[in-house]
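J.: Dropping a structure here in structure tokens format, bear with me for questions.
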Amino acid sequence: MGSSRQTALDSYGVIIVGAGPIGIACGVEARRSGLSHLVIEKGCLLNAVHQFPTNCVFFSTSELLEIGDIPFISQGPKPSRTEILRYYRRVAEHYDVQARTYETVTGLTRHDDGGFLVSTNKAEYRGETVVLALGFYDFPNLLKVPGEELPKVSHYYTEPHPYYRQKVAIVGGQNSAVEAALELYRNGAEVTLIHRRSGFGTAIKYWVLPDIQNRVKEGSITALFDSEVVRIDENTITVRKNNDSNEETVIDNDFVLAMTGYHTDLGFLENVGIRLEGDVQKPHHDPDTMETNVDGIYVAGVATGGRNTNRIFIENGREHAKSIVVDVVRKLSGNPSPAG
């Protein structure tokens, strides 16, 4: 296969941008409905899940992650990252989901005939409709402090080995921050956890919370609550206490892991004409069909939440796929209204 741009314009009933679990679910539902489809993903299949920590165990049970009526059997009560990757690959293979990976969408415009022209770094495609299942893992919530651009700062954590006997500051107080702190401590890192709130997040996994609380209580992990990083330097970080004193402390530091969450590509949504609403910039959409204010463009999964991504998970996002495909089939059949 060559790398030159194709001349013939392949056409599909629906083009799905994003090959995470929800994008795959959309492909599955399209296949089951006899709807021609194409899934486009800038990385590998399940790119975001692939980037999760190597030893990650999900909160949900395997049954709640199932799609396409394919059973998901895991070895333990909670599936691991490896098991999830294997399961969704198997589902995509079973339904022959048509996916183009390592292909980046660069443009989305109206086609002359009323459909959509989807441009990528490799080709152009025509879609009657488009689903944006963009995910959010590529867009971290930045600290916006001096020194955040230094090589020692990362918004992603995969495994503990590189941090052995290093002074590591972890910024955040939710699951990702807490689990990284525990794993790093148990693999020889000196860990300081910094959180702007007065305690750990309320949604921490129930089997993890006592562990982190005990490690902090015994002094194995240092926790600085009501605090935030205000400056990052080559060998130190500066932390400010969020109280009347606004006291600042300089801490010796080798690495910073800013586990402060992520958001979807809001700029892309806005550029294609989707209206973003409120402080969280939630894309306007019909909750029954998931269609946005742009006729023929749908949102699915965490892309529906704007900056508020902590309420959309695989187990509730997977239902978006069914709603979308039902409406796309209705639209392409000429039925004028969802109720019809």
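J.: In whole Hz, what ³J(HN,Hα) sequence does the range 66-72 give by Karplus (6.51, -1.76, 1.60; θ = phi - 60°), x for Gly and Pro?
T.: With coefficients 6.51, -1.76 and 1.60, one gets 5, 9, x, 6, 9, x, 10 Hz.
J.: Which GluC sites (Glu not before Pro) does the range 243-313 hold that lie in a coil by DSSP with at most 13 other beta carbons within 10 Å?
T.: E247
J.: Looking at the range 23-145 from every direction and averaging, what is the projected area of its Cα convex hull in nm²?
T.: With every direction weighted equally, the projected area is 9.8 nm².
J.: If contacts are Cα pairs under 8 angstrom and at least 6 residues apart, what is the relative contact order of the chain in percent?
T.: That works out to 19 percent.
J.: Neighbour counts of other C-beta atoms within 10 Å: give me T292, T260 arranged from fewest to most.
T.: Ascending Cβ contact count within 10 Å gives the list T260, T292.
J.: Give me the compactness ratio for the chain, meaning the Cα radius of gyration over 2.2 N^0.38 Å.
T.: Scaled against compact globular proteins, the figure is 1.09.
J.: Continuing with this model, one more query. How far is helix 175-185 tilted off the main Cα axis of the chain, in degrees rounded to 10, range 0 to 90?
T.: That works out to roughly 50 degrees.
J.: Hey, if you put +1 on the Cβ of every Lys and Arg and -1 on every Asp and Glu Cβ in the chain, which of L266, Y298, Y87 ends up farthest toward the positive end of that dipole?
T.: In the chain, that residue is Y87.
J.: Once you've got the GNM for the chain with C-alpha springs shorter than 10 Å, pick whichever of S176, S62, S198 has the biggest mean-square fluctuation.
T.: Largest GNM mean-square fluctuation: S198.
J.: Now for a separate question. Could you work out [θ]222 nm for the chain from helices alone, using -39500 (n - 2.57) per DSSP H run of at least four and dividing by all its residues? Round to the nearest 500 deg cm²/dmol.
T.: Here the helix-only value at 222 nm equals -6500 deg cm²/dmol.
J.: Kindly write out, for the range 25-37 in residue order, the coupling ³J(HN,Hα) from the Karplus curve 6.51 cos²θ - 1.76 cosθ + 1.60 (θ = phi - 60°), rounded to whole Hz, with x marking Gly and Pro.
T.: Running phi through 6.51 cos²θ - 1.76 cosθ + 1.60 with θ = phi - 60° gives 4, 5, x, 4, 5, 5, 4, 5, 9, x, 9, 5, 8 Hz.
J.: Using a Gaussian network model of the chain whose springs link C-alpha atoms within less than 10 Å, name the residue from G68, G147, G27 with the highest mean-square fluctuation.
T.: Residue with maximal mean-square fluctuation among G68, G147, G27: G147.
J.: Using the Karplus equation 6.51 cos²θ - 1.76 cosθ + 1.60 (θ = phi - 60°), what ³J(HN,Hα) coupling, rounded to whole Hz, does each residue of the range 43-60 give in order, writing x for Gly and Pro?
T.: x, 7, 4, 6, 4, 5, 4, 4, 8, 5, x, 3, 9, 5, 10, 6, 6, 6
J.: Between D286, D244, D138, which gets the highest mean-square fluctuation from a Gaussian network model of the chain, Cα cutoff 10 Å?
T.: D244
J.: Show the residues, 5+ positions off or on another chain, whose built amide H is closer than 5 Å to the amide H of Q98.
T.: V39
J.: Using amide H atoms built in the peptide plane, which far-off residues or other-chain residues are under 5 Å from L224 H to H?
T.: When sequence neighbours closer than 5 places are left aside, the close amide H contacts are L193, I194, H195.
J.: While we're on this one: So if the hydrodynamic radius of the range 153-258 is defined as the Kirkwood radius over C-alpha pairs, what does Stokes-Einstein give as its diffusion coefficient at 20 °C and 1.002 mPa s, in µm² per second?
T.: Translational diffusion coefficient: 156 µm²/s.
J.: Let's test this: bin the Cα-Cα distances of the range 120-180 at 10 Å from zero up to the farthest pair and state each bin's percent.
T.: 13, 37, 22, 17, 10, 1
J.: Right, something else. Can you compute the label reach from S33? Point 7 Å from Cα along the Cβ direction, backbone N cut-off under 18 Å, restricted to the range 62-98.
T.: 67-69, 95-98
J.: Using only the alpha-carbon atoms, how far is helix 81-94 inclined from the longest principal axis of the chain? Give it as 0 to 90 degrees, nearest 10.
T.: Once rounded, one gets 0 degrees.
J.: Give me the angle, in degrees from 0 to 90, between the Cα long axis of helix 314-332 and the longest principal axis of the Cα atoms of the chain, rounded to the nearest 10.
T.: Between the helix axis and the principal axis of the chain, the angle is about 20 degrees.
J.: Return the long-range amide H neighbours of Y12 (sequence gap of 5 or more, or a different chain), with a cut-off of under 5 Å between placed amide H atoms.
T.: R126, G127, E128
No lab work stands behind these numbers, since they all come straight from the coordinates. Nothing here was measured: the structure is a model prediction, and the numbers come from that model. We place every Cβ from the backbone using ideal geometry, glycine too, and count neighbours over all the protein chains shown.
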